[in-house]
Amino acid sequence: MYYQVISFSHKNCEQAMRERLAFPNDEAKTTFLNQLVGFEFVHEAFVVSTCNRVEIVLATRDNFSSYHAVLGLMSQLSDMNFYELKTAARRYDDEEAIEHIFSVVSSLDSLVIGESQITGQVKEAFRFSFQNGTAERKLNRVISYAVKCAAEVRNATNISQNPISIASVAVSQAHKLLGDNIHGMKGIVVGAGDMGVLAAKHLLRVGCDVVLIGRDIEKVQTTADMLGENVKADTMENLPKYLNRYRLLFSATSAKDPVITKEMIENETLPRHWFDMAIPRDIEDMDLEKLHLFRIDDLRNISNDNHALREEQAVRATEIVERYTEEFYSWLRALSIEPVIKQMREHVSEAIDREMERALKKRFVPAEYEDNMRKMAEQMFKRFLHDPTQNLRLSSTEKKNANCIEAVKKMFNIDTENIDLRQYKSDHHTKGYNA
């Protein structure tokens, strides 16, 4: 069994491509996952799809086949050329895949190092697939370790102090551009989801009033009431009015198509600072002389300042990720040897049964001696297997001995593919992530 991650992220893939790869809805994601685990070489899979990344996390029998299957299915989904996707994709196998997942969940691979949302997003991605029946215990153990790793990163470093998100970077940039003039301004926030709420909170913190706009006025009003008296709620149908009256706008909806278009603009002379925080984009490309438009990828250079401030903590956090990756594989190897040893003993027990039956049938052994002969045979084999099994346990934790263990499995005709490892105890055992 192998692990694999195929990644399209802000590090290797432009925003336009990520928009095309993003899943339009849960139904499309479910169809993709069902098709993927339908291949005999894919055990389990889940999809992480955020504004900064689309990643497919897999437990497989064959990483070469799974890699090409993922690219083929995503080519169909996005209507993009297979070889274009292959050029853009970043592939991580086995220990590299585990280290990458741990880094992602610990927010070390984010556009903004230390941002606070990604751990929950990955857990939710796994939960979605778990409930769909396309991710189970093989990936559950990865998520369990990843969440533990992220917790230690937060506790052992101050990388997540004053949590940073795309929304906070956007508001910080607006503050930098407008200076003290931002105090008392009205910020328009389109979208009442997590990102929109974060943007509203940061705007309130720098002294802005906020208009929160969404499709469901009851939900928007409830959110506005929670945020305080300086937040007003309104609906999407009134959006054009605000676009032509106020200069500061932050948009983060889940719409498949742009919600802000050129045809909505009546006053082209108004200076505008707009921040599009959505994937796919909320604001269509438009040629307005006084429009200063930031998209997600434009925030990369801004986030570099945050990275520089946190560089020392990021180095420490990376060391933690590396340690957890090694511990995970040591635990996995140690755990996987127990069913091998158990089946070796079962084979011995079956051999004793066959030989005792043969000996009794041919009268090599009197029937009244059967119990004593069986006990003697069992003791002989226990003594014979004692040193080999202890050596197997000891060597199983070392990466260099993986081929040796596979050879033992082949030699004794042992299949552990469908064994539930939770029944075996281990010093590194984790309780698991409860989906």
Can you find even one residue in the stretch 272-283 that is at pLDDT 95 or above, open to solvent by 10 Å² or more (accessible area, probe 1.4 Å) and either over 22 Å from ASP26 (Cβ atoms) or out of contact with any Asp or Glu (no Cβ under 7 Å at 6 or more places or on another chain) (or both)? yes
I'd like the full set of residues that are touching a strand residue (DSSP E or B) at 6+ places or on another chain (Cβ under 6 Å), crowded, with 18+ Cβ neighbours inside 10 Å and over 19 Å from SER172 (Cα atoms), limited to the stretch 201-220. ILE213, VAL220
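If we keep just the residues of the stretch 338-383 that are basic (Lys, Arg) and within 45 Å of the chain's Cα centre (by Cα), which is surrounded by the fewest Cβ atoms within 10 Å (Cβ to Cβ)? I'd like the intermediate steps shown before the answer.
Applying the first criterion (basic (Lys, Arg)) to the stretch 338-383 yields 342, 345, 354, 358, 361-363, 374-375, 382-383.
From what's left, within 45 Å of the chain's Cα centre (by Cα): 342, 345, 382.
On the way: LYS342: 16, ARG345: 15, LYS382: 12.
Result: LYS382.
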So TYR246, is it in a helix (DSSP H, G or I), surrounded by 13 or more Cβ atoms within 10 Å (Cβ to Cβ), among the hydroxyl-bearing types (Ser, Thr, Tyr) and more than 33 Å from the chain's Cα centre (by Cα): no
Scan the stretch 316-328 residue by residue and report those that are surrounded by fewer than 19 Cβ atoms within 10 Å (Cβ to Cβ), within 27 Å of TYR2 (Cβ to Cβ) and either at pLDDT below 80 or not basic (Lys, Arg) (or both). THR318, GLU319, GLU322, GLU326, GLU327
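Within the stretch 117-131, track down each residue that is open to solvent by 10 Å² or more (accessible area, probe 1.4 Å), within 16 Å of SER49 (Cα to Cα) and not aromatic (Phe, Trp, Tyr). So that I can check it myself, show each step before the final result.
First pass over the stretch 117-131, keeping only residues open to solvent by 10 Å² or more (accessible area, probe 1.4 Å): 117, 119-121, 123-125, 127-128, 130-131.
Now restrict to residues that are within 16 Å of SER49 (Cα to Cα): 117, 119-121, 123-125, 127-128, 130.
Within the stretch 117-131, GLN117, THR119, GLY120, GLN121, LYS123, GLU124, ALA125, ARG127 meet the criteria.
The values are calculated or read from the model by the stated rules, or taken from the named source; none is laboratory data. Predicted model, so just to flag it, every value in this text is computed and none were measured. Using ideal geometry, Cβ is built from the backbone for each residue, glycine included, and neighbour counts are taken over all protein chains shown. Accessible surface areas use protein heavy atoms only, side chains included; no ligands, DNA or RNA. Shrake-Rupley method; radii C 1.70, N 1.55, O 1.52, S 1.80 Å.
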